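Enquirer: Take this structure, written in structure tokens, and hold onto it; I'll ask about it next.
Only the coordinates and a few stated rules stand behind these numbers; no lab work does. Please read all numbers here as calculations on a predicted model, not as lab measurements. Virtual Cβ from ideal backbone geometry, glycine too; neighbours counted across all protein chains shown.
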């Protein structure tokens, strides 16, 4: 990055105006240890080549342009490479293609390829594969590395293990985990180094040391190697790509030429080679694995891939590593959360009661104070600003158009809200969550100022100026000596687990306490969708399980038939038991399938004469009535109602069938009728519409089972008693009644009989 295009002079001051916009993805040059070829995808003709092709591959860039890469490889490898480029998924996805032998120099090269639109990019780097028979087993090393990482107890221990394992893999002088802070600055969080080197551990670096373009590229490419920071880059020929009529986008190129600012920065630190890998958590750049070597060092492709794999594993496990570190704190917050929810759920408990008492809102999160603003009132506990200051702060927070789910948090409030300097001893840190749709009501946690001593690697505000051919320009700072800064106006940053705890508390308790009808409706919609999904799953699972069960039953029957006389009594008994169990299971599955259909099927409602419907049910149960010699009583004609006749017929059929089954009296009867709502005392307000009933003089149901009998597969007797059954009938009845907008309940006396009451909507 040089020249006046990157800098401007204003009022005599040299300022960095567009470092964060430097197009480092189109440098027009490559690192000189390798060769880049850009090909037209349609015919794989070389349209750009780095000028070092002659020195590295033995064929000059001039001789390659307009031709294929056949001049570099033998016929078989050339064919294989062309096939790879044409068939693999390479769009913005660099993949190792092959280790190729360049026939003009007799050397092996690792070739990687990727595509971008109409351009295919081939990168050739010296290979050491197969040359050193004593090379370590990188698979075994990586496997050991991953196992060690999984056993780390804390985040710091985890990152320390990362530095040691990567240093062992790549043989580097220094490996660091560079962790980004909320303000963009960097912190050397872990380090492994040669014993004679000065430590960088816990040093901080300003955000400007890694410009925004470099951070964005680290989200797209898993490693970046500069083997010799003093080596002159090799330009591309031509600089403008003839296919795109613009510079070649080298975002995904390992050989992308390094920024002058970056190489100068490394030289100022005394570094000769650098290898960097990103650490990405949930799509954002969490940090870097930054490595330094103090002599030029080329890291072969297969070693870089092993280190890259470690970086990917580390990235995937970062959340788990941080969670392990916060586990004790997380468990504490969960315990307080549950206790607060229990308190809030008590009838008549106002939200402000949670500000004091045990536990209180201040116990949920590590904070110095807490305040609740609701309906124009302020309640507080702990060390907080005064009520007037809290109200003014709330007005400022509301002006920021907060998201109800995200809220607002900062650990440097005085730098964002000037009046807070007056009460920074109680509120340098603020975590605020809106607890009303209008955002008028807020819940706030405060942290007091904590003056921090920060160790910087050199003066962080240095702006060295150099006079170049285009005038003054900024250069990378040269001093990295320890510089300490006393930072005021800050509090300990809020952890992600604390922010999550505040959000979860709002969702779990505050919206319920305040009674947002819209939020409740949303929850109900989500629950309905979940129930529907479970219903569909039950249907599919039940349907698919029936066929194998029939197979088990049939094979057992075949074995009894085919081996008749050859099986001993015990063997035959086991097979017959298998048949009975499969029949039992099929019956249960059939009931579950029926239950699922009841919930999923479309209702067809029309006016229906219940007398005709009951006659149909009576006909279907004719054999049972004859067998039990029971009487069906209908005190008065039933009404005409609007319903799904098939479903309601099933209600009557199930209830009457149960009444016939569970009856040991010499004279049995079942009565079907209806009452006006005021004639039935069910312990609740009178239901709208008619109340139907099915009454019998059977064995009765103990009071303790009056609710549980409606649960699926709930039986009160051994399945061999009273003619068997699966215990799904009443569950289906309840679902049908509820789908009609009604409810069902039972009254019963043991030994005297049972009455099922139900409504079918208004």
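Enquirer: Please report how far the C-alpha centroid of the range 48-70 lies from that of the range 230-256, rounded to the nearest whole angstrom.
Expert: Measuring centre to centre over Cα atoms gives 14 Å.
Enquirer: For each of 388, 154, count neighbouring Cβ atoms within 10 Å of the residue's Cβ, then give the residues from fewest to most.
Expert: Working: 388 9, 154 13.
So the ranking, lowest neighbour count to highest, is 388, 154.
Enquirer: Give me the distance in nm between label points sitting 7 Å out from Cα along the Cα-to-Cβ direction at residue 667 and residue 616, one decimal.
Expert: Between residue 667 and residue 616, the simple spin-label model gives 3.3 nm.
Enquirer: Can you pull the one-decimal nm distance between simple spin-label points at residue 334 and residue 101, each 7 Å off the Cα toward Cβ?
Expert: According to this spin-label approximation, the distance is 6.0 nm.
Enquirer: Additional query: So if each residue of separation counts as 0.36 nm, and I subtract the Cα-Cα distance between residue 150 and residue 41, what length gain in nm does that give?
Expert: Full extension from residue 150 to residue 41 adds 34.9 nm.
Enquirer: Oh, and also: Mind giving me the FRET efficiency for residue 239 and residue 415? R0 is 56 Å, r the Cβ-Cβ distance, nearest 0.05 is fine.
Expert: In this case the efficiency is close to 0.80.
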